[in-house]
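Asks: Below you'll find the structure I mean.
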Amino acid sequence: SEHSIRALKNAIQIAKKFDGKIILIHVYTVSSFVITPAQVYNYVQAIQELGNSILEEGQKLVKAEGVPVETKLQEGQTIEKILETITKEKINLVVLGSRGLSKLKGIIMGSVSEGVTKHSPCPVLVVK
């Protein structure tokens, strides 16, 4: 999303200033609706391809600035997976966009950014 790109640009500047590394995370959720196994497979493949495409685009931006970068494509509940990664990777600053891909308007802060901000063990920078 546009908010995520702005957040990434901010993260790049912070990483450059403090000689940091960026970990890009994209979490997808497989909806629980009734379809055939083949349809599930095709659906998951499409979601993974989209997620990898998003991560590759972000990775190119980061690499162009000479900042070390790692990508993670994960399946599950977005907030939980982000919080797990924060703990596992010992992240000391999270930078994320105020809204993701949702078209819902009128929400002050997206549900993911709000959830991560509330439960993160480290500081969170939410970029508008």
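The values are calculated or read from the model by the stated rules, or taken from the named source; none is laboratory data. Predicted model, so just to flag it, every value in this text is computed and none were measured. Methodologically, a virtual Cβ is constructed for each residue, glycine included, from the backbone with ideal geometry; neighbour enumeration extends over all protein chains shown. With ligands, DNA and RNA removed, areas are computed over all heavy atoms of the protein, side chains included. Shrake-Rupley method; radii C 1.70, N 1.55, O 1.52, S 1.80 Å.
Asks: Could you work out how far helix 37-64 tilts from the main Cα principal axis of the chain, as a 0 to 90 degree angle to the nearest 10?
Replies: Helix 37-64 sits at roughly 10 degrees to that axis.
Asks: Once the Cα atoms of helix 2-17 and of the chain are each reduced to a long axis, what angle between those two axes, in degrees from 0 to 90 to the nearest 10, is obtained?
Replies: So the helix axis and the longest Cα principal axis differ by about 40 degrees.
Asks: May I ask you to list the lysines whose Cα is less than 24 Å away from that of K17, ignoring any residue fewer than eight positions away on the same chain?
Replies: By straight Cα distance, K17 reaches K9, K60, K63, K72, K88, K90, K128.
Asks: Ok, one more. In whole percent, what relative contact order does the chain give with Cα contacts below 8 Å and a gap of six or more residues?
Replies: Details: 174 pairs, mean separation 44.4, N = 128.
In percent, rounded to a whole number, it is 35.
Asks: What part of the accessible area of region 1-89, given as a whole %, is carbon or sulfur when the probe is 1.4 angstrom?
Replies: Working: 2990 of 5780 Å².
It is 52 percent, rounded to a whole number.
Asks: Based on DSSP H runs of at least 4 residues, each adding -39500 (n - 2.57), what is the mean residue ellipticity at 222 nm of the chain after dividing by all its residues, to the nearest 500 deg cm²/dmol?
Replies: Result for the chain, helices only: -17000 deg cm²/dmol.
Asks: Roll a 1.4 Å probe over the protein heavy atoms and report the accessible area of S31 in Å², nearest 10.
Replies: 60 Å²
Asks: Which of the chymotrypsin sites (Phe, Trp or Tyr not before Pro) across region 1-35 are loop residues per DSSP, with 11 or fewer other Cβ within 10 Å?
Replies: Qualifying residues, ordered by number: F18, F33.
Asks: Please give the FRET efficiency for K21 paired with K128, using the beta carbon to beta carbon distance and R0 = 25 Å, rounded to the nearest 0.05.
Replies: 0.55
Asks: Based on the Kirkwood radius over alpha-carbon pairs, what is the Stokes-Einstein translational diffusion coefficient of the chain at 4 °C with 1.567 mPa s viscosity, in µm²/s? Don't jump to the answer; show the numbers that get you there.
Replies: Values: Rh = 15.5 Å.
Once the numbers are plugged in, D ends up at 84 µm²/s.
Asks: How far is it, in nm, from the label point at E75 to the one at K63 when both lie 7 Å from their Cα along the line to the Cβ?
Replies: A separation of 2.6 nm, rounded to one decimal place.
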